Amino acid sequence: MPDEQSISSKSMSDSMSTVDLCVVIIACNAQRTIRRTLVSVQGLASRVVVVDSGSTDETKSICTELSAEVVDHQWEGYGKQKQFALGLSESAWILSLDSDESLDKDLANEIRNVIQKNDPAINGYEMNRRLWFGDKEMYHTWQPEWKTRLVRKDKGRWIGNYHERLEVDGRVGRVEGLLIHDAITDTKDFILKQAMHGVQAAEVYFEEGKRGSFSKLLISPTATVFKHLVLGSAWLDGWQGWIAAFGSGLHATAKHMRLLELTRNSKQ
């Protein structure tokens, strides 16, 4: 990953005046990445708010050091947490980020430009998120990954509580540049996260009425690995691409294992 100093210099636009933008970030125990996230929006946003769901590390102190507001809010799930954060903004535009996401120079400048232009026909913008595996930029794995993150106030809402998405009223444009996704530190960390997220996804899906089956447990993980490794060309990113693809398969395995268990228990 680029270091914080590098991102800081890259994220500053030609004009240092902020625009009518509030950045909202959800975080919990994010001391490894939150500084990079906050530095990347310095000089761009007029307000930065971090919604913290119970950090016990240095996350809050880093936020305070970098002049970000911290709002404590009990974890409600990804979609509801992000929707709560969205409602804290009074700015004309809102940029919604995770604590492991940061803007590169081009994306920061593009966001500044579209807000200053303020095209009345567009109420939201999507941007391409690029995964990093440790110090390696992944050019093929999960690419392109367009994410709607910039929205005009009162023109969008987060829906879904897992694999959540920002739904926008009206037209959505695109901005150039990259949303850097510092998601994978090493293989051990990735395996643990994928298994945990798979279990979380299953529990959300079960509450939404979805049910598990042996056939889904058999087919879904293999199909997921094939989709990312072969169809998505993750293998071109080297051994990290292989691990990312099989990690996605692990997520699918954990999800359908837990969903099957919940389904069987509900029938007894």
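Read-outs: derived from the displayed coordinates by stated rules, not from any lab. If you're wondering where the values come from, they're calculated on a predicted model, not measured in any experiment. Note: ideal-geometry Cβ built from the backbone for every residue, glycine included; neighbour counts use all protein chains shown.
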Item to complete: For the chain, build the charge dipole from Cβ charges (+1 Lys, Arg; -1 Asp, Glu) around the Cα centre, then report which of VAL41, LEU97, LEU250 sits farthest towards its positive end.
Response: LEU250
Worksheet item: Listed here are the pairs LYS155/LYS193; LYS136/LYS193; LYS82/LYS216; which of them are more than 25 Å apart at the Cα?
Response: LYS155/LYS193; LYS82/LYS216
Fill in: Inter-label distance, nm, simple model (7 Å from Cα along the C-beta direction), LYS136/SER67
3.9
Item to complete: Estimate the FRET efficiency between ASP189 and ALA121 by the formula 1/(1 + (r/R0)^6), using the beta-carbon distance for r and 45 Å for R0, to the nearest 0.05.
Response: 0.60
Practice prompt. Write down the Å³ per residue value for the convex hull defined by the alpha carbon atoms of segment 187-267.
Written response: 77
Item to complete: Using a cut-off of 12 Å between beta-carbons, work out the net charge of the residues near ASP169 (Lys and Arg +1, Asp and Glu -1, ASP169 not included).
Response: +3
Item to complete: Work out the length of the dipole vector of segment 4-184 about its Cα centre, built from +1 on the beta-carbon of each Lys and Arg and -1 on the beta-carbon of each Asp and Glu, and round it to the nearest 20 debye.
Response: 380
Worksheet item: Once a ≥ b ≥ c are taken as the square roots of the eigenvalues of the Cα gyration tensor of segment 4-184, is the result rounded (a/c under 1.5), prolate (a/b larger than b/c) or oblate (a/b not larger than b/c)?
Response: rounded
Fill in: Estimated [θ] at 222 nm from DSSP helical runs (n ≥ 4, -39500 (n - 2.57)) normalised by residues in the chain, nearest 500
-12500 deg cm²/dmol
Fill in: Choice from THR33, THR59, THR187 with maximal GNM fluctuation in the chain (Cα, 10 Å cutoff)
THR187
Worksheet, complete the sentence: The helix 187-207 Cα axis meets the longest alpha-carbon principal axis of the chain at an angle in degrees, between 0 and 90 and rounded to 10, of 80
Fill in: FRET efficiency, 1/(1 + (r/R0)^6) with R0 22 Å, evaluated for ARG157 and LYS210 via beta carbons
0.50
Practice prompt. Sort TYR139, TYR205, TYR125, TYR162 so the one with the fewest other Cβ atoms within 10 Å of its own Cβ comes first.
Written response: TYR139, TYR162, TYR205, TYR125
Item to complete: Beyond 32 Å between alpha-carbons counts as too far, so tell me which of LYS105/LYS255; LYS117/LYS210; LYS117/LYS147; LYS188/LYS267 fall in that bin.
Response: LYS105/LYS255; LYS117/LYS210; LYS188/LYS267
Discussion item. What does the extension gain come out to for ALA223 and SER53, with contour length at 0.36 nm per residue minus their alpha carbon separation?
Written reply: 57.8 nm
Item to complete: Within the set of other residues whose C-beta is less than 12 Å from the C-beta of LYS210, count the net charge using Lys and Arg as +1 and Asp and Glu as -1.
Response: +1
Worksheet item: For THR185, what charge total do you get from the other residues with a beta carbon under 11 Å from its beta carbon, if Lys and Arg give +1 and Asp and Glu give -1?
Response: -2
Worksheet item: At TRP75 and GLU167, where each label point lies 7 Å from the Cα along Cα→Cβ, what is the point-to-point distance in nanometres?
Response: 2.5
